[in-house]
1. Can you find even one residue in the range 159-169 that is touching an Asp or Glu at 6+ places or on another chain (Cβ under 9 Å) and farther than 27 Å from residue 96 by Cα?
2. So which residues in the range 281-310 are surrounded by 20 or more Cβ atoms within 10 Å (Cβ to Cβ), free of Cβ contacts under 8 Å to residues at least 40 places away in the same chain and under 23 Å from residue 177 (Cβ atoms)?
3. What is the number of the single condition among (1) within 13 Å of residue 310 (Cβ to Cβ); (2) of a type in the set (A, V, I, L, M, F, W, C); (3) in contact with a Lys or Arg (Cβ under 6 Å, 6 or more places away or on another chain) that residue 189 does not meet?
4. Residue 110 passes all but one of (1) in contact (Cβ under 8 Å) with a residue 60 or more places away in the chain; (2) aromatic (Phe, Trp, Tyr); (3) under 27 Å from residue 281 (Cβ atoms); (4) in contact with a helix residue (DSSP H, G or I) (Cβ under 8 Å, 6 or more places away or on another chain); which number fails?
5. Can you tell me which condition residue 298 does not meet? The list is (1) in contact with an Asp or Glu (Cβ under 8 Å, 6 or more places away or on another chain); (2) part of a loop (DSSP other than H, G, I, E, B), and all the others hold.
Amino acid sequence: MKSLLNNIILVFSVILFIGSCKKQDYQMGALTAPTDVVINTTIAGVDANHPNGDGSGDVTISLSGKNVIAYMIDYDASDGIDLQLFGKSTATKKYTTLGLNTYRITVVAYGAGASATTVVKDIQVQSNFTPDPAIVTDLTNNASKTWIVNKDVAGHFGVGPWSTSSVTPEWWSAAVNEKVACCNCFYTATFTFTQTPSGFSLAVATPDGAFTKTGSLAGGLPGIPSSGAEACYDYAGGTSSFSFVPSSSGIPSSAPTTGTSIKLSGVNTYIGYGAVQKEYEIMSITPTDMYLRVQGTETGNAWYLKLKAN
C-alpha cells in the first residue's frame, strides 16, 4: 500500500504548493498535526475466563483523534509495515495465527499540509481453529498427497480484485495450456502436502524452475530476483510446515469458500504462484481438485489457482 500512502502525501503537498502561490495576504492557517490519536480495540469474547478472547481471533477496531483528515493502518507489524487506508468508522480484523499471539497495530493519522502523527498499540489475541476433517483428508490423504497446477482446465490461473464482494477472476482467466509455451515450469512444479503426528508440512519440487510474474515470487524465496519478466527462474525447491487457519479475507460465509486457509511458515515455499502473503484460502476442495485464492503482491489483486491431485 506504499503507492496509496505516497499518493496521499502528494495530494497534501500539491495543496500546500497551491496555497503558497496565492496572494501574499492569503493565509492557509496553522498546519496542526493530529493530536489525541487513539486506537480503540475490542477483542471478541473477552471475559474473566477468556482475557484474550473467545478464540475466534476477531478484533473490532475504531480510531479517534483531533485535527485528522485521513488514517492509514497496519494491522500487524510482525510481517512488515503495510499501511492501508482506514476509511470506515470501525473495522473487524480476524487474526489467524494459532494460539496466543501479540500483534502490533500501527496507525498514521494525517492532518493539514501532510502533517502526521503515528501511534502504535499492542494487543494479545487467542486464535483457536480445528479444520473440517474432510479438508485434511482431501488435501493430504491423511498421509501424503502431491498436487500440480491443472493446465487442462480453463481458469486454472486468474486474477480479480482483492475484495469481499468479488470472489472470481473477473479481470483475467487463463485458457487451457496457456503458459506451456512461455513458462512450462508452472505446470511441472509439484506440491506435496504431508500429515504427520506432529503437524503438517509442504514440500515443493521444481525441476524446471519456479514460475514468477514480475518478480512476485521474490517475497522471500531463495534465489528469485526481485524484478523480472514473466518466466521460469532457478529455484531449488523447499520444505516448510503449514497450518490450517480460519480465512482472514473477510469473504462472507455465504460465498463459495470453505472459510479455511493454508498458511505457510517461513519464506521457502509457495503453492503454484508465490506471493508475499503466505495464506492461501481454500475456495473448494475434493479428493481430486483444489481451488485456491491468494492475495498477490500487486496492491488490490487476488490470484486464483486450480490444482489437481497428481
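1. Checked against the condition, which is being touching an Asp or Glu at 6+ places or on another chain (Cβ under 9 Å) and farther than 27 Å from residue 96 by Cα, the range 159-169 yields no hits at all.
2. If the condition is that a residue be surrounded by 20 or more Cβ atoms within 10 Å (Cβ to Cβ), free of Cβ contacts under 8 Å to residues at least 40 places away in the same chain and under 23 Å from residue 177 (Cβ atoms), then 291, 292, 294 are the ones that fit.
3. (3)
4. So residue 110 meets the others, but not (3).
5. Single failed check for residue 298: (1).
Since every read-out is calculated from the coordinates, none of them should be taken as a lab result. Source: prediction; values computed, not measured. Every residue, glycine among them, receives a Cβ derived from its backbone with ideal geometry; neighbour counts consider all protein chains shown.
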